[in-house]
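The values are calculated or read from the model by the stated rules, or taken from the named source; none is laboratory data. Nothing here was measured: the structure is a model prediction, and the numbers come from that model. As a convention, Cβ positions derive from the backbone with ideal geometry for all residues, glycine included, and neighbour counts pool all protein chains shown.
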Amino acid sequence: MTIAGMILVNNPGDWDAVYPPLLHAEWNGWTPTDLIFPFFLFIVGISMHLSFESRRSKGASRGELMKHAAWRALIIYAIGFFLAAFPNFDIHTVRFAGVLPRIAMVYLISSAIVLYTGKRAWAAITAGLLIGYWLLMTRAPGFDLTPDGNLAAWLDRKIMYEHLWVEHRWDPEGLLSTLPAIATTLLGVFTGVWLKKPHHPSTSLRAGSGHEGTRRKAGGMLAAGAAGLALGELWNLAFPINKNLWTSSYVVFTAGFGLVLLAAIYWVVEIRGWKKWGAPFLWYGSNAIVVYALSSFVGRCSIEFHSTWNNEQVMLKTMLYERFFAPLAQPVHASLLWALAYVLTFMVLAWIMYRKAIFVKI
């Protein structure tokens, strides 16, 4: 679902005609779009624990797992770097940070923490990252929490001046904000531990309603999620919820939101047994990085390559959108139709890969 959401919000037909929930908050606050990336990192943490536990039960050593994690991180970063550099490959201005580079860095560091420390250390590191980042961002003398005046933006300008998302100013996936993003992933790891924890039911409930232990897992996630939402809103009073800065309140709030949604889906799928509705998301998730990267590449090509439209050279995307989508509805609706068509196109690709058992693993 997260991958589908990423593709949806990244590919409107017209950036000047987008429903507000499908745009990021300009600075403080949040929209549904601001939930998507932290949800992905949260899921990375869950799957990391499940994967490591499965492979260790088959005899894999910590060193082998860490080596594989480092290799995966390198490949993910390389894919992100390629997408940022295409088609000019100008090393002097290419963006170093980004969605895939952040995933790579967070995955690598979180893997090392999970593999070489224990649960108490995970908790201490998570708390230390969140509280330490809060203090750094709010107590460092001479800085504030404005787009250009915050410590994270200053550090990015010092290190990546020519390579930022917002030229010479700041980057939403910058260096310092990677620290709380690691905390997002570690909170996912704890969720993976909870999901893997054996719950021995005393009795079985009526057919189709699941077991007592499964209900406890869903209930535990729901309670923890509600606590995260409340704590995030409370922390927001002192350290605003902000995706661009990946503030500590944003980490806690989005992890809480993710837990609530996961609990709801867990109840629907594992307890009620309603699974067929989720088939498209299963297809997406089975080749998540490939589908996301390919959708980004196609989107980039549609902007970089041009075609003739009304006797003018325009972007390929502009020609296709104006010819096939703009006449169908008012701008904001046509723009959404383009985005939904994009999602559907890559859902079909994901379905074909799933049916043919093509699973690209890094």
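Tabulated results
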quantity	calculated
Unmet requirement for HIS68, which otherwise passes all of (1) farther than 30 Å from THR146 by Cβ; (2) within 17 Å of the chain's Cα centre (by Cα); (3) in the same structural domain as ASP144 (by TED's automatic domain parsing)	(2)
Residue ID - surrounded by the fewest Cβ atoms within 10 Å (Cβ to Cβ), chosen from residues in the stretch 94-124 that are touching a residue at least 12 places away in the same chain (Cβ under 8 Å) and part of a loop (DSSP other than H, G, I, E, B)	VAL94
Qualifying residue in the stretch 25-38 (condition: assigned to a helix (DSSP H, G or I), hydrophobic (A, V, I, L, M, F, W, C) and without any contact (Cβ under 8 Å) to a residue 40 or more places away in the chain)	yes
Qualifying residue in the stretch 66-75 (condition: of a type in the set (D, E, K, R), without any contact (Cβ under 8 Å) to a residue 60 or more places away in the chain, more than 19 Å from GLY174 (Cα to Cα) and in a helix (DSSP H, G or I))	yes
Inter-residue pairs, beta-carbon under 6 Å, first of a type outside the set (A, V, I, L, M, F, W, C) and in the stretch 144-155, second surrounded by fewer than 16 Cβ atoms within 10 Å (Cβ to Cβ), 6+ apart	ASP148/ARG169
Residue within the stretch 290-306 that is outside any helix (DSSP H, G or I), in contact (Cβ under 8 Å) with a residue 24 or more places away in the chain, assigned by TED's automatic domain parsing to the domain that holds GLY13 and out of contact with any Pro (no Cβ under 7 Å at 6 or more places or on another chain) present	no
Members of the stretch 162-200 that are of a type in the set (Val, Ile, Thr) and either buried (at least 20 other Cβ atoms within 10 Å of the Cβ) or over 30 Å from GLU270 (Cβ atoms) (or both)	VAL166, THR178, ILE182, THR184, THR185, VAL189, THR191
From the options GLY278, GLY285, GLY258, residue that is touching a helix residue (DSSP H, G or I) at 6+ places or on another chain (Cβ under 7 Å), at pLDDT 95 or above and not in a strand (DSSP E or B)	GLY258
For GLY13: the one exception among (1) in a loop (DSSP other than H, G, I, E, B); (2) over 20 Å from PHE325 (Cα atoms)	(2)
Qualifying residue in the stretch 310-317 (condition: part of a helix (DSSP H, G or I) and either closer than 26 Å to MET1 by Cβ or outside the structural domain of HIS68 (by TED's automatic domain parsing) (or both))	yes
